[in-house]
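Shown next, in structure tokens, is the structure this report addresses.
The values are calculated or read from the model by the stated rules, or taken from the named source; none is laboratory data. In this text the structure is predicted, and so the values were computed from the model without any measurement. Because the Cβ atoms are built from the backbone with ideal geometry, glycine has one as well, and the counts that use them run over all protein chains shown.
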Amino acid sequence: MISVHMTPVPRSTVVAYRDDGPLSRGMGMLVAGQLPPLPPVIAGAFVTGVLLIVGVAGSDGLAVFAPAVTLLLAGPGSSHPHDGRVDWLVPPILRLIEYCFIAACGFAHDVPPWLIFALLGAMAFHHYDLVYRLRQRVYPPPWLATFGLGWDGRMIAVALAAVAGFVTGGFVLLALYLWGLFGWESITCWLAAPRSGMGTTDLETQE
């Protein structure tokens, strides 16, 4: 029997959906939850979109700008409770920024499409797993967000690989690492989770 500590679901599930890494959480600590999260994330999405349109993701010298700008704008909002009426929009916007940047950077540097989808698949698996866990009140351990790098760390890792001219190799290493980490942790956690018969009605109860 695998023994895994079941971390309780945090008070704000919207914050959990953000999937912040150490850098984003550290910036959030600086403002102590005083910055509304949605406007900076929208601004980050706009800036990232503009940078991708003008070809920044395809330029080795400027690839790091998009994730850096997004981190500076969206990171400080990570400590906010996200209790506003439309703050639930923050996580999907962050997903859109992360997925679009990584895909654009990969295609701009001629990374094989299957490898791009493999990396995006690892992240999509993790985010789906996170959503289902919160529905079942089984939250992943805090260290997973750190070792999983968060949306901010993954974007910066891809950007640095582009700057170093090691994009394809970087995609391979990052995909293998994330699939191994997220797959292993998810399997061990669900095998250890108590079988209480919780179903989809738990979401309705939680809401």
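Below is a table of values for the structure above.
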quantity	calculated
Some residue of region 85-92 being basic (Lys, Arg) and surrounded by 14 or more Cβ atoms within 10 Å (Cβ to Cβ)	no
Breaking point among (1) under 19 Å from Leu149 (Cβ atoms); (2) surrounded by fewer than 18 Cβ atoms within 10 Å (Cβ to Cβ); (3) at pLDDT below 85, for Arg95	(3)
Odd one out for Ile53, checked against (1) modelled with pLDDT of 90 or more; (2) surrounded by fewer than 17 Cβ atoms within 10 Å (Cβ to Cβ)	(1)
Helices (runs of 4 or more DSSP H) enclosed by region 16-131 - at least 1 residues per element that are acidic (Asp, Glu)	90-108
Answer from Ala68, Ala103, Ala108 - the residue that is out of contact with any Phe, Trp or Tyr (no Cβ under 8 Å at 6 or more places or on another chain) and closer than 18 Å to Pro22 by Cβ	Ala68
Residue within region 168-185 that is surrounded by 20 or more Cβ atoms within 10 Å (Cβ to Cβ), at pLDDT below 90 and over 12 Å from the mean Cα position of the chain (by Cα) present	no
Residue in region 36-48 that is touching a His at 6+ places or on another chain (Cβ under 7 Å), surrounded by 15 or more Cβ atoms within 10 Å (Cβ to Cβ) and modelled with pLDDT of 90 or more present	no
